[in-house]
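The values are calculated or read from the model by the stated rules, or taken from the named source; none is laboratory data. Computed from a predicted structure; not experimentally measured. Cβ sites come from the backbone with ideal geometry, for glycine too, and all protein chains shown count toward neighbours.
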Amino acid sequence: MRKALPLLTLFLTGFCLQVSAHNIIRGKVLDAATQLPLEGASVQAEGLPYGTATNRLGQFTLYTDTAVAAVLVSYIGYETQRIEVRSPEEVLSVELEPAAIDMEQVVVSGSEARSLNSISKVDVSLRAVNSSQDVLRLVPGLFTAQHAGGGKAEQMFLRGFDIDHGTDIRISVDGLPVNMVSHAHGQGYADLHFLIPELIQDVDFGKGPYYTSQGDFNTSGYVQFHTYNALERNLAKVEVGQFNTLRSLAMVDVLGEQAKARGRNAYIAGEYLLTDGPFESPQHFNRLNLFGKYTDILDDGSLFILEASAFQSKWDASGQVPERAIETGLIGRFGAIDDTEGGYTSRKNLSAHLVKNINEHTYVENQFYYSRYDFELYSNFTFFLNDPVNGDQIRQKEGRNIYGYSGAYHHNTELAGSPLASVIGAGFRYDDINDNELSRTLNRRETTQPIALGNIDELNAYAYIDESLRLGRFSINAGARLDFLKFDYDDKLSVEYRTLSQQRTAVSPKLNFLYDLNPNWQLYLKSGMGFHSNDARVVVAQKGEEILPKAYGADLGTLWKPAPRLIVNTALWYLFLEQEFVYVGDEGIVEPSGRTRRMGVDATLRYQLTGWLFADVDANYTYARSADDPEGENYIPLAPDFTSTGGLTFQHPSGINGSIRYRHLDSRPANEDGSVMARGYTVVDAVLNYTHRNFEIGLTLENVLDTEWNEAQFDTESRLFNEAEPVSELHFTPGMPRYLRGRVSYFF
């Protein structure tokens, strides 16, 4: 890994070199309707194996060693255009018109990230997404589970990780961090319920710790959601369903067509959701989302984005239930031991983002953001284990302010006649967390015992450099990232006032290789180090020792188009995690979890059978074990070994469209020796719509086969009210039974 650092010194000389190629093609690609730049559009030299992609401002620079008569410009969901190159000095201007999805447009060359993002664009364009669980499932191999009334962040699984609520995956929306450090319920807690699903334009994801722009929590991977900068049309939607479900949505452009023609766009959106869920004790779940976004192309070609959002939700929950309570008939499958669980959460966001155009080779990104976050959760996992009279209900609560800045300098030039792309980035995130609390409670009303209460101040400042050099069919990407973290904790239950403080740094080098065998077949080798931070209370308790566990990873994979409308992505991968200490938010204690090794294979297939029928399959196998425990006692609890998703999606020219999809998760050990197993499942969902120019009507049927399945599952020791001794066994939240919803949308 250290060999990457000398390469950085060599690549940095590219900043001092002038562009010397004799054949350089420059241009800009815009959306014809909104006049906004299209990032990631493919620009290929006609008849030659040369290509590039547009940047954040829609700009491209294509270097060739021979004359080019024309370029082919393509983007998923738009018509491909052939643009003649009349003169080397001409700056091409390309405006793409929307069109039906055509997977022939996916380009497998030049950039592994570009090809994977093309796959995600296909998925976003085709799949119906109506919940935060659906949102996360857009990432191949990522599974989710809900176990607290729908308002709590989802439990996530990826590459043999039980990521809990976000410990080992970095998530952001329009540059806003979603993971919460030193959260009351768990490190990395990532609640995506503030994201309105219909606003998602694309999803950028990567697996493994190989990306310099991604820092804390980027071990198993990262996910970046991007919302629309402009609306294609206004929308009003009403959805009703079983279990007293009602959802309404409105998305409205506020500036009009004349402003769009000048590159100015603004819209507002609002969502309201009510549902009781299938449980015997109604969830009384309600969620309100408000969102607004303004986008402007400035006179010099720079891009300015201002957005604001507000979110809040309340819910009751039945929580996890033990198998014995159902088997003995004490409760039904959708019953509860303690139905006073539930909570409240809210988040307000403000972000200003400027992508400053310097010249055709250089642009600079600057983003400032602020979030106000409040959280209050009531849970009862062990029932009467600790308190046989009042029960074991707990309250986890906090309020926080997040202040942040991220900046990046992008420069394209040549090094010895080969294209060189350079990025230098820096930024910070500061979390001011007040009254981070864990208390034992009774019926949500009475506090019976405070366990933890304190104020946390946490700073993460970072800088990174990333260099990408293309040598014909061969590409090298090298980078390094430096993170500085400072943790302050004021224990408010301590008699004496004293701020405990620690600070540490983490260096994360990356080195990646790409090789294009031909325009339709690419090989890649990725390697790198990442880390995830631990809770501030762990850091001060451990006096800063072993509190930034490193992840060492490598991927060997291929992207292949064996047919014009068939894409195959396969990868062999390995990931090693160092010793770490985990703050168990439900108990207020620190536990070591030891070193772990994971290895596996991922396979992704996307196939367009006809102009309107699409098929997809994702299959993922993982071998995950503790590195320090003896054989047979070294299982990583809840780590999935085999998962698969897939389905058929159709978008017929008649307006009839929809999908039928499955998701499969194998049974896996729920504890270290495999004596308790979390049960696997296969669930099938279906969507059917009729879309007209002015309206859409549709039906969604979840769990078509009415499969009895377990969603969140844990091996937990608990005691029921009438039990003399505790019992350790599988506790679970039942998965959704067959669930029908209907909707009507009006476009205007």
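Once region 494-503 is narrowed to residues that are surrounded by fewer than 17 Cβ atoms within 10 Å (Cβ to Cβ) and at pLDDT 95 or above, the residue that is farthest from G425 (Cα to Cα) is S501. Of the numbered criteria (1) outside any loop (DSSP other than H, G, I, E, B); (2) free of Cβ contacts under 8 Å to residues at least 24 places away in the same chain, the one L255 fails is (1). Within region 175-188, the set of residues being in contact (Cβ under 8 Å) with a residue 40 or more places away in the chain and in contact with a strand residue (DSSP E or B) (Cβ under 6 Å, 6 or more places away or on another chain) comprises G175, L176, M180, V181, S182, H183, A184, H185, G186, G188.
Filtering region 338-355 to residues that are modelled with pLDDT of 95 or more and of a type in the set (V, I, T) leaves T345, V355. Of all residue pairs spaced 6 or more apart or on separate chains, those with beta-carbon atoms under 7 Å, a first member in region 665-680 that is outside any loop (DSSP other than H, G, I, E, B) and a second member that is crowded, with 19+ Cβ neighbours inside 10 Å and of a type in the set (F, W, Y) are L665/F143; P669/Y635. Of the strands (runs of 3 or more DSSP E) lying entirely inside region 136-195, those carrying at least 1 residues that are in the same structural domain as G343 (by TED's automatic domain parsing) and polar (S, T, N, Q) are 143-145, 155-158, 169-173.
Each row is one residue, and each column tells you yes or no for (1) surrounded by 21 or more Cβ atoms within 10 Å (Cβ to Cβ); (2) at pLDDT 70 or above.
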position	(1), (2)
Q105	yes, yes
G110	yes, no
A113	no, no
I119	yes, yes
L142	yes, yes
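Taking the listed residues K260, K293, K237, K314, the one that is within 29 Å of the chain's Cα centre (by Cα), closer than 21 Å to V355 by Cα and either modelled with pLDDT under 95 or among the basic types (K, R) (or both) is K293, with no other qualifying. In the set L330, L350, only one residue is surrounded by fewer than 19 Cβ atoms within 10 Å (Cβ to Cβ), assigned to a strand (DSSP E or B), of a type outside the set (D, E) and in the same structural domain as Y272 (by TED's automatic domain parsing); that residue is L350. Residue check, A554 against (1) at pLDDT 95 or above; (2) surrounded by fewer than 16 Cβ atoms within 10 Å (Cβ to Cβ), all met but one. Which one? All conditions are met except number (2).
Here Q651 does not qualify as farther than 26 Å from H731 by Cβ, among the polar types (S, T, N, Q) and touching an Asp or Glu at 6+ places or on another chain (Cβ under 8 Å).
The residues listed here are A67, A100, A53; of these, the one that is surrounded by 17 or more Cβ atoms within 10 Å (Cβ to Cβ), at pLDDT below 90 and at negative phi is A53.
Kindly indicate whether F60 is modelled with pLDDT of 90 or more, buried (at least 17 other Cβ atoms within 10 Å of the Cβ) and not assigned by TED's automatic domain parsing to the domain that holds Y621. Answer is yes for this residue.
Of the residues that make up region 417-432, is at least one in contact (Cβ under 8 Å) with a residue 40 or more places away in the chain, closer than 30 Å to I567 by Cβ, assigned by TED's automatic domain parsing to the domain that holds R372 and not in a strand (DSSP E or B)? No, the conditions are met nowhere in region 417-432. Of all residues in region 389-411, one or more are touching a residue at least 40 places away in the same chain (Cβ under 8 Å), closer than 30 Å to A678 by Cα and touching a Gly at 6+ places or on another chain (Cβ under 7 Å). Could you check, for region 72-80, whether at least one of its residues is out of contact with any strand residue (DSSP E or B) (no Cβ under 8 Å at 6 or more places or on another chain), aliphatic (A, V, I, L, M) and either at pLDDT 85 or above or not in a loop (DSSP other than H, G, I, E, B) (or both)? The answer is yes; a qualifying residue exists.
Would you be able to say whether some residue in region 384-392 is in a strand (DSSP E or B) and either farther than 30 Å from Q283 by Cβ or assigned by TED's automatic domain parsing to the domain that holds R719 (or both)? Checked against the condition, which is being in a strand (DSSP E or B) and either farther than 30 Å from Q283 by Cβ or assigned by TED's automatic domain parsing to the domain that holds R719 (or both), region 384-392 yields no hits at all. Flag not set for Y662, criterion: at pLDDT 95 or above and either farther than 23 Å from E708 by Cα or not assigned by TED's automatic domain parsing to the domain that holds T144 (or both).
Out of A269, A310, report the one residue that is surrounded by fewer than 21 Cβ atoms within 10 Å (Cβ to Cβ) and part of a strand (DSSP E or B). Answer to the check: A310. Would you be able to say whether some residue in region 192-203 is more than 21 Å from S406 (Cβ to Cβ), in contact (Cβ under 8 Å) with a residue 40 or more places away in the chain, among the acidic types (D, E) and surrounded by fewer than 23 Cβ atoms within 10 Å (Cβ to Cβ)? Yes, because at least one residue in region 192-203 is more than 21 Å from S406 (Cβ to Cβ), in contact (Cβ under 8 Å) with a residue 40 or more places away in the chain, among the acidic types (D, E) and surrounded by fewer than 23 Cβ atoms within 10 Å (Cβ to Cβ). Within region 513-569, the set of residues being more than 30 Å from T499 (Cβ to Cβ) and of a type in the set (D, E) comprises D516, D555.
Close contacts from region 261-278, counting a first residue that is within 12 Å of T295 (Cβ to Cβ) and a second that is in a strand (DSSP E or B) and among the small types (G, A, S), with Cβ to Cβ under 9 Å and a gap of 6+ residues or different chains, come to A266/G292; Y267/G292. Suppose the filter is assigned to a strand (DSSP E or B) and of a type outside the set (D, E, K, R); does I119 pass it? The answer is no for I119. Going by the conditions given, is T700 surrounded by 14 or more Cβ atoms within 10 Å (Cβ to Cβ), assigned by TED's automatic domain parsing to the domain that holds D641, in a loop (DSSP other than H, G, I, E, B) and hydroxyl-bearing (S, T, Y)? No.
Close contacts from region 489-509, counting a first residue that is without any contact (Cβ under 8 Å) to a residue 40 or more places away in the chain and a second that is part of a strand (DSSP E or B) and of a type in the set (A, V, I, L, M), with Cβ to Cβ under 6 Å and a gap of 6+ residues or different chains, come to V507/L482.
Among residues of region 441-471 being surrounded by 18 or more Cβ atoms within 10 Å (Cβ to Cβ) and among the acidic types (D, E), the one that is farthest from N401 (Cα to Cα) is E467.
None of G646, G632 is farther than 21 Å from Y574 by Cβ, assigned to a loop (DSSP other than H, G, I, E, B) and in the same structural domain as S593 (by TED's automatic domain parsing) except G632. Within region 627-672, the residues that satisfy the criterion of being hydroxyl-bearing (S, T, Y), surrounded by fewer than 17 Cβ atoms within 10 Å (Cβ to Cβ) and under 30 Å from G611 (Cβ atoms) are S654, Y662. Is one or more of the residues making up region 545-553 at positive phi and either in a loop (DSSP other than H, G, I, E, B) or in contact with a helix residue (DSSP H, G or I) (Cβ under 9 Å, 6 or more places away or on another chain) (or both)? Within region 545-553 (the criterion being at positive phi and either in a loop (DSSP other than H, G, I, E, B) or in contact with a helix residue (DSSP H, G or I) (Cβ under 9 Å, 6 or more places away or on another chain) (or both)), the answer is yes, since at least one residue qualifies.
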